[in-house]
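Okay, so here's the structure we're looking at.
The values are calculated or read from the model by the stated rules, or taken from the named source; none is laboratory data. On a predicted model such as this, the values are computed, not experimentally measured, just so you know. When we count neighbours, we look across all protein chains shown, and the Cβ atoms used for this are built from the backbone with ideal geometry, even at glycine. Areas reflect the complete protein model, heavy atoms only, side chains present, ligands, DNA and RNA absent. Shrake-Rupley method; radii C 1.70, N 1.55, O 1.52, S 1.80 Å.
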Amino acid sequence: MVKIAPSMLAADFLHLEKDVKTVNENADLFHLDIMDGVFVPNISYGFPVVEAIASIAQKPMDVHLMIVHPEKYIERFARIGVSMLSFHLNATDKPAQALLHIRETGMKAGLVINPDMPVESLYPYLHLCDYIILMSVYAGFGGQKFIEDTYDRIRTLKAEIDRQELSVKIEVDGGVCPANASLLVEAGAEILVAGSAVFKSDDPAEVIASLRG
Ligand code: DX5
Ligand code: ZN
């Protein structure tokens with residue numbers, strides 16, 4: 001069964017508790033986007049917001065780091081109670097070490113790539129990953145248009161995961177909406193991130209239900 005991870009980047013920050021409740025009651029994971037203005041040309045939010053969400057979250061937190069030196073902050077996210085921590089493959093010189101470190105803390109470890117990075121670049125690290133995030137837009141902003149290439153990239157990655165006899169999950173992030181959700185799942189995605197589709201709608205619960213197909 002597909003897991004739905006609403007991206008809190010699109011939440012209403014003046015009424016954050018309301019949007020946290022929407023996830024608690026209807027979705028499977030909190031997707032939290034951390035941007036530093038260096039790795040990506042945008043700044044989102046940091047520890048105070050993650051801690052506030054953690055204090056009332058009843059679903060696991062899936063943190064997507066879009067920052068340089070992700071390895072510096074692994075322990076801190078673990079202490080907050082984050083369940084899944086991912087970083088971009090090209091954000092550090094030592095991805096294998098960072099993945100191992102994430103797993104040592106008890107969190108699930110994920111690697112992320114942008115749409116212009118070949119999925120083959122992930123292959124040497126798959127055995128160290130619990131999940132992969134394939135970006136279906138360029139990381140940095142919510143509300144962008146879904147890139148259609150993503151279906152083929154999912155299929156290629158899924159075939160390699162099966163070939164290596166691993167159980168790495170594929171998460172898709174960017175421009176996900178009810179119109180493409182079931183195609184993504186058919187291609188092999190097991191976790192869908194959706195920001196604007198969920199929180200910019202009048203009925204987030206209904207959108208989450210329709211993302212499930
Ligand atoms: C983009 C972020 C996404 C984003 C998704 O850099 O990683 O998680 O918030 O937002 P939508 O669903 O609006 O594309
Ligand atoms: Zn994200």
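Between ALA194 and ALA5, SER7, the built amide H atoms are under 5 Å apart, and every one of these is 5 or more places off in sequence or on another chain. Sequentially through the range 191-199, phi angles give Karplus couplings (6.51, -1.76, 1.60; θ = phi - 60°) of 10, 10, 8, 8, x, 4, 4, 7, 7 Hz, Gly and Pro residues having no value and appearing as x. Based on the Cβ-Cβ distance from LEU126 to ASP149, what FRET efficiency comes out when R0 is 30 Å, to the nearest 0.05? FRET efficiency, LEU126 to ASP149: 0.90. Across the chain, Cα pairs under 8 Å and at least six residues apart give a relative contact order of 21 percent.
For the range 115-120, putting each phi into the Karplus relation 6.51 cos²θ - 1.76 cosθ + 1.60 with θ = phi - 60° gives couplings of x, 8, 9, x, 4, 4 Hz, in residue order, rounded to whole numbers and with x for Gly and Pro. Secondary structure note: in the chain, about 5% of the DSSP beta bridges are antiparallel. Packing, as the average of other Cβ atoms within 10 Å across residues, places the peptides 87-99, 7-19 in the order 87-99, 7-19, highest first. Annotation: amide H-H contacts under 5 Å for VAL112 (H modelled 1.01 Å from N, sequence separation of 5 or more, or interchain): PHE87, HIS88, LEU89, ILE133. Within a straight-line Cα-Cα reach of under 16 Å, LYS59 can be paired with the following lysines, leaving aside sequence neighbours fewer than 8 residues apart in one chain: LYS3, LYS18, LYS21, LYS108.
Computed over the Cα atoms of the range 154-213, the ratio of the radius of gyration to the Kirkwood radius (Rg/Rh) comes to 1.06. Taking only protein heavy atoms and a 1.4 Å probe, the accessible area of the chain is 52% carbon and sulfur. Computed with every protein chain present, the accessible area of LEU85 is close to 0 Å² [probe 1.4 Å]. Using the 1.4 Å probe convention, the accessible area of the range 1-151 works out to 45 Å² per residue with neighbouring protein chains retained.
In the assembled protein chains, ILE102 presents an accessible area of approximately 0 Å² (probe radius 1.4 Å). Among the trypsin sites (Lys or Arg not before Pro) found in the range 143-199, those both in a DSSP coil and sparsely packed, with 11 or fewer other Cβ atoms within 10 Å of their Cβ, are LYS145.
Restricting the GluC sites (Glu not before Pro) of the range 89-168 to loop positions (DSSP other than H, G, I, E, B) with no more than 11 neighbouring Cβ atoms within 10 Å leaves GLU148, GLU165.
When nucleic acids and ligands are ignored and a 1.4 Å probe is applied, MET107 ends up with an accessible area of around 10 Å².
Taking all Cα pairs closer than 8 Å and separated by 6 or more residues, the relative contact order of the range 164-210 comes to 39 percent.
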